[in-house]
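What follows is a single structure, written as structure tokens, with notes after it.
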Amino acid sequence: MTRLRSLLLLPTLSFAIAGAQSATVAARPPMGWNSWNHFHSKVDDASVRAQAEAMVASGMRDAGYIYINIDDTWEGARDANGNIQPNSKFPDMKALADFVHSKGLKLGIYSSPGKKTCAGYEGSYGHELQDAQTYARWGIDYLKYDLCSLNDVMRAAPTPQAAHQIMVDAYTKMRDALRSTGRPIVYSLCQYGNDAVWRWGASVGGNLWRTTGDISDKYAKMAEIGFGQAGLARFAGPGHWNDPDMLEVGNGGMNEDEYKTHMSLWAILAAPLLAGNDLSTMSSQTLALLTNRNVIAVDQDPAGIEGDRVAAEGPIEVWARPLADGSKAVGIFNRHHLPLTAHVDLRALGYSAPVRAKDLWLGKDLGSIGLLYDVTVPAHGVVFLRVK
């Protein structure tokens, strides 16, 4: 469907107000795990339980990761009354939720406003209230709602405006259904950034909304998505977040410096941190990347202000995020395939005198640094600072 260019002219105040109404759910960007990036259709009850156990044993839960989210392919047929049933891979969803909850974690699930999910399983079209009630009865805490086959309905609409309204109405219907259950369920809109969703996602109850297409475990795709978030900061805040998609850290397609760029950029963007690797087999290096307390503190900063790009010189980009204590998180990124020296003018960040800096990945206090700061940044890498 053609995107509605006119949406770029819409005011944002009413959407921000609507988002504030749900700020008690997802008051900070959700942290957890999602099955799709690693397991795809092979996710089942046993693998979900293994991820929950690994999240606790590894220390990820204590670092802030609490959601265990089942993506597509869990769905079975509906019973005679139209109630959705899990398929044979998930023999008892209520028992699984109870197990996840017993670990001090929360369980998420997946559906679509269309008749079918992306993988061709049963969607929620025409059964929104039933499905919401089922999720609440099972003990579900998070719903990822993926546009998928509703696109077929939208394509038949007479105008782009009518197609947009079909989408908005569909997401609103599930919002109302979830709220009617009385259970706090994080509502994640997955519709790939169509129609400038950041401008209306909060108004349909979204706690987060995908701003892009799907990520993959390649530096080029991760960088295209992450650096493409420039200009979206004003649409995010407590209870309603821009979502540049899940993490690929530990899946093997990038090197350590590239994964540090991934984590640093997502932290500056106040993005949800949903690990997408196999937690039960991850290396100590992957665990260290996912649980760096300095980086997580930036992502989870209580002020909830998303960062943005402040300067660029060729492949060097400087991004910054204001933090609750008055400091700023500063990412100096090198998008080139060879190391480069970055020449950073801290006056662009509003400073008029030398600042104190800490390197967040090294965990090292750098002391005072001048307003003109030169630093060598690894290929596809980052120097991630907290300055004050």
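The values are calculated or read from the model by the stated rules, or taken from the named source; none is laboratory data. Model, not experiment: these values are computed from the prediction. Positions of Cβ are generated from backbone atoms using ideal geometry, with glycine treated the same way; all protein chains shown enter the neighbour counts.
Considering the conditions (1) β-branched (Val, Ile, Thr); (2) surrounded by 20 or more Cβ atoms within 10 Å (Cβ to Cβ); (3) at pLDDT below 95, ILE17 is excluded by exactly one of them, (2).
One residue is enough: does region 113-123 have a residue meeting the conditions among the acidic types (Asp, Glu) and over 25 Å from HIS38 (Cβ atoms)? Walk me through it before giving the result.
Of all residues in region 113-123, those among the acidic types (Asp, Glu) come to 122.
Add one more test, that the residue is over 25 Å from HIS38 (Cβ atoms), and what stays is none.
Checked against the condition, which is being among the acidic types (Asp, Glu) and over 25 Å from HIS38 (Cβ atoms), region 113-123 yields no hits at all.
Within region 123-142, can one find any residue that is free of Cβ contacts under 8 Å to residues at least 60 places away in the same chain, closer than 30 Å to ALA230 by Cα and assigned by TED's automatic domain parsing to the domain that holds ILE70? Checking region 123-142: not a single residue is free of Cβ contacts under 8 Å to residues at least 60 places away in the same chain, closer than 30 Å to ALA230 by Cα and assigned by TED's automatic domain parsing to the domain that holds ILE70. For region 100-117, filtering for residues that are touching a residue at least 12 places away in the same chain (Cβ under 8 Å) and outside any loop (DSSP other than H, G, I, E, B) leaves 9. For beta carbons closer than 6 Å, sequence separation of 6+ or different chains, a first residue in region 210-238 that is among the aromatic types (Phe, Trp, Tyr) and a second that is crowded, with 21+ Cβ neighbours inside 10 Å and assigned to a helix (DSSP H, G or I), the qualifying pairs are TYR219/GLU258; PHE235/TRP198.
If you check TYR187 against the conditions, is it over 30 Å from VAL310 (Cα atoms), touching a Gly at 6+ places or on another chain (Cβ under 7 Å) and not in a loop (DSSP other than H, G, I, E, B)? Before you say what the answer is, go through the steps one by one.
Details: over 30 Å from VAL310 (Cα atoms): yes; touching a Gly at 6+ places or on another chain (Cβ under 7 Å): yes; not in a loop (DSSP other than H, G, I, E, B): yes.
Taking the combined requirement at face value, the residue satisfies it.
Considering only residues that are charged (D, E, K, R) and either more than 21 Å from ALA97 (Cα to Cα) or surrounded by fewer than 17 Cβ atoms within 10 Å (Cβ to Cβ) (or both), which ones fall in region 139-195?
Quick first cut of region 139-195, residues charged (D, E, K, R) only: 141, 144, 146, 152, 155, 169, 173, 175-176, 179, 183, 195.
Hits for region 139-195 are ASP146, ASP152, ARG155, ASP169, LYS173, ARG175, ASP176, ARG179, ARG183, ASP195.
Wholly within region 315-388, which strands (runs of 3 or more DSSP E) include no fewer than the required count, namely at least 3 residues that are of a type in the set (A, V, I, L, M) and in contact (Cβ under 8 Å) with a residue 40 or more places away in the chain?
Numbers: elements: 316-322, 328-334, 340-345, 355-359, 364-369, 372-377, 382-387.
Per the criteria, 328-334, 382-387.
Test each condition in (1) surrounded by fewer than 21 Cβ atoms within 10 Å (Cβ to Cβ); (2) closer than 19 Å to ILE225 by Cα for ARG293 and report the one that comes out false. ARG293 satisfies every listed condition except (2). The criterion of at least 2 residues that are of a type in the set (Gly, Ala, Ser) and modelled with pLDDT of 95 or more is met by the following helices (runs of 4 or more DSSP H) wholly inside region 36-99: 45-57. If I filter region 322-333 for residues that are at pLDDT 95 or above, surrounded by fewer than 16 Cβ atoms within 10 Å (Cβ to Cβ) and in contact with a Pro (Cβ under 7 Å, 6 or more places away or on another chain), do I get at least one hit? Scanning region 322-333 turns up at least one residue that is at pLDDT 95 or above, surrounded by fewer than 16 Cβ atoms within 10 Å (Cβ to Cβ) and in contact with a Pro (Cβ under 7 Å, 6 or more places away or on another chain). Residues in region 217-257 that are touching a strand residue (DSSP E or B) at 6+ places or on another chain (Cβ under 7 Å) and in a helix (DSSP H, G or I) were compared, and the one that is farthest from THR24 (Cα to Cα) is PHE227. When ASP79, ASP62 are checked against the criterion of being surrounded by fewer than 19 Cβ atoms within 10 Å (Cβ to Cβ), under 22 Å from the mean Cα position of the chain (by Cα) and without any contact (Cβ under 8 Å) to a residue 24 or more places away in the chain, a single residue qualifies: ASP62. Of all the residues in region 305-314, those that are free of Cβ contacts under 8 Å to residues at least 40 places away in the same chain and in contact with a Lys or Arg (Cβ under 8 Å, 6 or more places away or on another chain) number 0.
Which numbered condition trips up GLY314, out of (1) of a type outside the set (A, V, I, L, M, F, W, C); (2) surrounded by 19 or more Cβ atoms within 10 Å (Cβ to Cβ); (3) not assigned by TED's automatic domain parsing to the domain that holds TYR142? Just one mismatch for GLY314, condition (2). Within the span defined as region 96-106, one or more residues are in contact with an Asp or Glu (Cβ under 6 Å, 6 or more places away or on another chain) and under 16 Å from PRO184 (Cα atoms).
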